[in-house]
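Below: one structure, written as structure tokens.
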Amino acid sequence: MARRNDDILDRLKRSLSVRGILFHPATLFVFATSFLIGGAIFLWERHQDQIINFEEFRLTKDKITVTPPPAWANDDLKQLVLSESTDDLHSDAENLPSILDTQLVSRTATVIRNVGCVERVDSVRKSKSGLDIDVIYRVPVALVELSKVSFPFSWPKAKPDEQVLLPVDRLGVVMPQALGEGLSVPKILVVHPLASPSQALEIPCWADWPDERIKDAAAISALFETTANAIGFSRIVTRRKPDLSTGYLDSFELWPDRGTQVIWGNAPGKETKGEAKAEVKLRALEEFVIQYGALNKLSAQRVDVRTGVVVRSTDTKTAFIEQDLFVEIK
């Protein structure tokens, strides 16, 4: 058996000649393919200007389509794309940005994603005609109330009646304060939304509000983006203290200026055991308003919608409300 193996090895060695390797079909295929690729690259480098008219593929403003921004947005997204789409290798403004740039889509998505007024980039598509950018812009859904009510022990005594309202989007991202002027959306009222009024007033625009209660309340307000006024409430309130877990008395509530208050519960996706989903609670509350009228048109009472069914609250909070920190709400 060992002798037979030696014979096979000897035959293999004899067949592996230089001539056999050079003229083997696989070797010839590799040489031919390499020659074609190398030739194509050489010809492209020498004659690309004659093959393609680069002016036709130069990216200009008129070749960029972007989802129309809201009236308040100041960023020129088209100009940002043009100014940020030039890499170090092609800095000549005569040549770039170019639709032929293989990194154009990813670089554009990164640029747009970092613009404050943009919540997310849905898609960036390129074609011979240019770039098509589809984005979702931020929308103010609530106003964080900064006042002597939210800062009962540290609000400046020199300005006891001053109230600052900071707009936030559905994710709790701070938006330009000017957007809050005349904006008809619910106010968010929590005790000490930050450690001090000065810290709250110094939160930069487009930053996340560093308090989960604000983010949760903003998510609730987003559910009522177009219906809060019709339902008849003007504030989203919680007595939950900073960094404390929720409890029966710490649920978020929907308050009208006067009328019927609603014990809502927790933010969408954070419902506790036995608590209905946000969509179920929303539908129940809308049906309640259709049947009985808007909250601010009803008598002073409290109803609970946490189970997905609107029921009269059995707690004794009504008397307590007149004595708690929120008694100074105006």
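The values are calculated or read from the model by the stated rules, or taken from the named source; none is laboratory data. None of the values given here were measured: they were computed from a predicted structure. All Cβ positions, even for glycine, are placed from backbone atoms using ideal geometry, and neighbour counts span all protein chains on display. Protein only, heavy atoms only, side chains kept; ligands, DNA and RNA dropped before computing areas. Shrake-Rupley method; radii C 1.70, N 1.55, O 1.52, S 1.80 Å.
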### Task
Using every pair of alpha-carbon atoms in the range 115-274, split the distances into 10 Å bins beginning at 0 and state the percent of pairs per bin, rounded to integers.
10, 37, 33, 13, 5, 2, 0
### Query
Just how large is the dipole of the range 136-287 about the Cα centre, in debye to the nearest 20, putting +1 at every Lys and Arg Cβ and -1 at every Asp and Glu Cβ?
260 debye
### Task
Report the calculated FRET efficiency for Ser34 and Val139 (r = Cβ-Cβ distance, R0 = 51 Å), to the nearest 0.05.
0.35
### Task
Sort Trp209, Trp72 from largest to smallest accessible area, using a 1.4 Å probe on the heavy atoms of the protein chains.
Trp72, Trp209
### Interchain or long-range residues, amide H under 5 Å from Ser98's placed H
Leu59
### Solvent exposure, largest accessible area first (probe 1.4 Å, DNA, RNA and ligands not counted), of Glu212, Glu56
Glu212, Glu56
### Message
Using amide H atoms built in the peptide plane, which far-off residues or other-chain residues are under 5 Å from Leu131 H to H?
### Response
Ile64, Thr65
## Note on the structure
The pairs in Lys215/Lys273; Lys157/Lys187; Lys61/Lys215; Lys277/Lys297 lying past 28 Å Cα-Cα in this model are Lys61/Lys215
### Summary
Residues whose modelled amide H sits under 5 Å from the amide H of Met175, counting only those 5 or more places away in sequence or on another chain, are Val168, Asp169, Trp206
### Query
What ranking do 287-294, 105-112, 157-164, 252-259 get when scored by the average of other Cβ atoms within 10 Å per residue, highest first?
252-259, 105-112, 287-294, 157-164
